[in-house]
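The values are calculated or read from the model by the stated rules, or taken from the named source; none is laboratory data. Since the structure is predicted, the reported quantities are computational estimates derived from the model, not experimental observations. Cβ atoms come from the backbone with ideal geometry, glycine included; neighbour counts cover every protein chain shown. Accessible surface is based on the protein model in full, side chains and every heavy atom, while ligands, DNA and RNA are left aside. Shrake-Rupley method; radii C 1.70, N 1.55, O 1.52, S 1.80 Å.
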Amino acid sequence: ILLVLLALSFFWIYPVYMFSGTWYIGRISTIPWHSPTYLLMLPFALLTFINTPKYLEDPSGNRWKVLLPAILSLLFKPSFLFAWIPGVFVYAVLMNRKPFLYYAKVFIPLFVPGVIILLQYYMVYVRGNLDALVYQDADAGSVQIGFMEVWRVFMSYGGITFWQSVLASFLFPGLFLLLYGRSGKISKLTQLSLFILFFGLAFSVFFYESG
């Protein structure tokens, strides 16, 4: 219980003094500490993540334990599912040797949040209805491709280097894997989190939102 509470506390950590100035834990992520939608998404994203191994063991019996919190998290912010959907897909293929019917049961329900993401993209960025309503025809946002653009615009202020940002973001999980991984007892949740982390970083490295 103590370890769970300690891990959860890292979601609400505020500035800490490191090196030459004030840093935020998790600088690699897109500055989540100021975002109400991120905070609303967080509990549903956690439920989705925690229930994913059960879903992969029995897709039919645990379908709604994953889909319901996934859809609810999507209504607040789609960021987590950008990494979760491909992460679950690759994890299931590489870590489970199952017949084709199993993969169909796993992947077909994932089309539901995938379709909702596409609808959100169409409403916000293609038609621009929401932007026009909220910003009164201000510069509309869009999703664009740009290598390391998120880090350059949002996280490089204060003279902090890229590698210092990496240290601030991954020191705790890095130490965990270094110390706990030696025992060879890496849990399924930890393995799954690494797949999701990979795709989350890939999105943040190559894509950014403008406007």
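Of all residues in the stretch 91-115, those that are surrounded by 12 or more Cβ atoms within 10 Å (Cβ to Cβ) have Cβ atoms under 9 Å from Cβ atoms of residues that are part of a helix (DSSP H, G or I) and polar (S, T, N, Q), 6 or more apart or on another chain, in Tyr91/Thr52; Tyr91/Gln191; Met95/Gln191; Pro113/Ser73. Does Val153 meet the test of being modelled with pLDDT under 70 and out of contact with any Leu (no Cβ under 6 Å at 6 or more places or on another chain)? Taking the combined requirement at face value, the residue satisfies it. Of the listed requirements (1) farther than 22 Å from Gly87 by Cβ; (2) surrounded by fewer than 14 Cβ atoms within 10 Å (Cβ to Cβ); (3) at pLDDT below 75, Val143 misses just one: (1).
One line per residue, one yes/no per condition, for (1) among the hydrophobic types (A, V, I, L, M, F, W, C); (2) more than 14 Å from the chain's Cα centre (by Cα):
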position	(1), (2)
Pro36	no, yes
Leu42	yes, no
Phe49	yes, no
Lys65	no, yes
Ala70	yes, no
Ser73	no, no
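Checking each residue in the stretch 68-90 for being open to solvent by less than 10 Å² (accessible area, probe 1.4 Å) and basic (Lys, Arg) picks out no residue at all. What residue, among those in the stretch 30-67 that are under 19 Å from Phe203 (Cβ atoms), crowded, with 16+ Cβ neighbours inside 10 Å and among the aliphatic types (A, V, I, L, M), is modelled with the highest pLDDT? It comes out as Ala45.
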